[in-house]
Amino acid sequence: MTITIAMAGKGGTGKTSLASLIIRYLLRHNAVPILAVDADANANLAWSLGLTVKQTIGSVLADFNDVKMGIPPGMTKEAYLNLKLNGAVVESKNVDLLTMGRGEGAGCYCFPNNVLKEFIDKLAVNYRFLVMDNEAGLEHLSRRTTENVDELIIVSNHSVKGVRTIGNILDLIKELKLNVKRQSIVINQAPGPLDPMIVAGLEELGVGADAVIPMDSLIADYDLQQKPLTDLPDTSPAVRAVDGLMEKLLATRRADRERG
Ligand SMILES: Nc1ncnc2c1ncn2[C@@H]1O[C@H](COP(=O)(O)OP(=O)(O)O)[C@@H](O)[C@H]1O
Ligand SMILES: [Mg+2]
């Protein structure tokens, strides 16, 4: 069974960076193969992973809707679309990447939506882990057939406003009836220990921080030098904190399994 880890949180909180560090952890612990899915229209997970995207699902679908595109004789529309969608999977050692890109119109993939769902679900079964980087809204998660998230990582920065956004996301999960098995609250870019105001804000929501990721200048350095975050050293404070979160999550999963 593929384990799905999905990121949620406001723009700029660090979803893409933390998704990359989660993938870094899985790669180094041989928890592979991994399918990374960039479901943010403003796609940039590929950069953080050091991969190059030639085609996105959005661009494949835009071409497909273009009347000029000829379907080879004897091939169904669905089979041809599936073939083309496969072209949007970037393969690398132990981690493949699928970039959704922009849908046409108001983010609607319209006709091929069912084909797309089936395609992603069929693709995902080939992987041990699916790591999904998302945009701020989670609506597209509810458009997936499985809608099934094993570990939702809700990211906020170290601010009271950020903590309030966590509350909105928790409401949204309920509203969209997403099947989220477990959620973890992560405070990223923390200047030090959590401020009592942040702790109180979380308490009000009935949650606590499952991980605190420190402000890490190496992340900014790697961004400036355009180096993949998966290459960050083990000594990076953010890497250590994400590794700690992953150890905890995977240990809990093992304990749950043993209990049956
Ligand atoms: N722990 C951290 N320490 C320092 N900078 C960070 C940290 N996490 C993220 N950043 C920086 O913050 C910015 C936003 O991060 P990003 O992962 O792109 O957020 P999102 O995907 O949620 O929009 C980026 O410039 C990134 O380099
Ligand atoms: Mg992002």
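The values are calculated or read from the model by the stated rules, or taken from the named source; none is laboratory data. The shown structure was predicted, so the numbers you read here are calculated from the model rather than taken from an experiment. Virtual Cβ from ideal backbone geometry, glycine too; neighbours counted across all protein chains shown. Areas reflect the complete protein model, heavy atoms only, side chains present, ligands, DNA and RNA absent. Shrake-Rupley method; radii C 1.70, N 1.55, O 1.52, S 1.80 Å.
So that you can scan it fast, the table gives a plain yes or no per residue for (1) closer than 25 Å to Gln225 by Cβ; (2) at pLDDT below 85; (3) of a type in the set (Ser, Thr, Tyr):
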{"position": "Ser20", "(1), (2), (3)": "yes, no, yes"}
{"position": "His29", "(1), (2), (3)": "no, no, no"}
{"position": "Leu49", "(1), (2), (3)": "yes, no, no"}
{"position": "Thr52", "(1), (2), (3)": "yes, no, yes"}
{"position": "Leu61", "(1), (2), (3)": "no, yes, no"}
query: Could you say which residue among Leu194, Leu202 is open to solvent by less than 50 Å² (accessible area, probe 1.4 Å), outside any helix (DSSP H, G or I), closer than 21 Å to Arg164 by Cβ and among the aliphatic types (A, V, I, L, M)?
result: Leu194
query: For residues in the range 228-260 being open to solvent by 80 Å² or more (accessible area, probe 1.4 Å) and in contact (Cβ under 8 Å) with a residue 24 or more places away in the chain, which is farthest from Ile169 (Cα to Cα)?
result: Asp231
- line: Residue hits (the range 53-78; under 25 Å from Ile34 (Cα atoms) and small (Gly, Ala, Ser)) are Gly58, Ser59
task: Within the range 1-19, count every residue that is near ligand 1 (Cβ under 6 Å from one of its atoms) and part of a loop (DSSP other than H, G, I, E, B).
output: 4
query: Looking at the range 195-215, which of its residues are of a type in the set (Gly, Ala, Ser) and over 25 Å from the mean Cα position of the chain (by Cα)?
result: Ala200, Gly201
message: Condition check: open to solvent by less than 60 Å² (accessible area, probe 1.4 Å), in contact with a strand residue (DSSP E or B) (Cβ under 9 Å, 6 or more places away or on another chain) and farther than 30 Å from Leu51 by Cα. Does Gly167 satisfy that?
response: no
task: Answer yes or no: is there a residue in the range 98-109 that is modelled with pLDDT of 85 or more, at negative phi and not in a loop (DSSP other than H, G, I, E, B).
output: yes
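Yes or no, residue by residue, for (1) acidic (Asp, Glu); (2) over 28 Å from Gly167 (Cβ atoms); (3) more than 16 Å from ligand 2 (Cβ to nearest atom); (4) not in a helix (DSSP H, G or I):
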{"position": "Val207", "(1), (2), (3), (4)": "no, no, yes, yes"}
{"position": "Asp221", "(1), (2), (3), (4)": "yes, yes, yes, no"}
{"position": "Pro233", "(1), (2), (3), (4)": "no, yes, yes, yes"}
{"position": "Ala238", "(1), (2), (3), (4)": "no, no, no, no"}
{"position": "Val242", "(1), (2), (3), (4)": "no, no, no, no"}
{"position": "Thr252", "(1), (2), (3), (4)": "no, no, yes, no"}
- request: Can you confirm whether the range 25-40 contains a residue that is under 19 Å from Ala211 (Cα atoms) and among the β-branched types (Val, Ile, Thr)?
  value: no
query: Can you tell me which residue in the range 25-59 is most open to solvent (accessible area, probe 1.4 Å), limited to those that are within 16 Å of ligand 2 (Cβ to nearest atom), touching a residue at least 60 places away in the same chain (Cβ under 8 Å) and in a helix (DSSP H, G or I)?
result: Trp47
- prompt: If you take the residues of the range 171-182 that are out of contact with any Asp or Glu (no Cβ under 8 Å at 6 or more places or on another chain) and surrounded by 14 or more Cβ atoms within 10 Å (Cβ to Cβ), which of them is farthest from Ile3 (Cα to Cα)?
  reply: Leu172
statement: Restricting attention to the range 31-47, the residues that are at pLDDT 95 or above, in contact with a helix residue (DSSP H, G or I) (Cβ under 8 Å, 6 or more places away or on another chain) and within 16 Å of ligand 1 (Cβ to nearest atom) number exactly 2
- request: Exactly one condition in (1) at pLDDT below 85; (2) of a type in the set (Gly, Ala, Ser); (3) part of a helix (DSSP H, G or I) is not met by Ala79; state its number.
  value: (1)
field: Subset of the range 113-125 [over 17 Å from the mean Cα position of the chain (by Cα) and at pLDDT 90 or above]
entry: Lys122
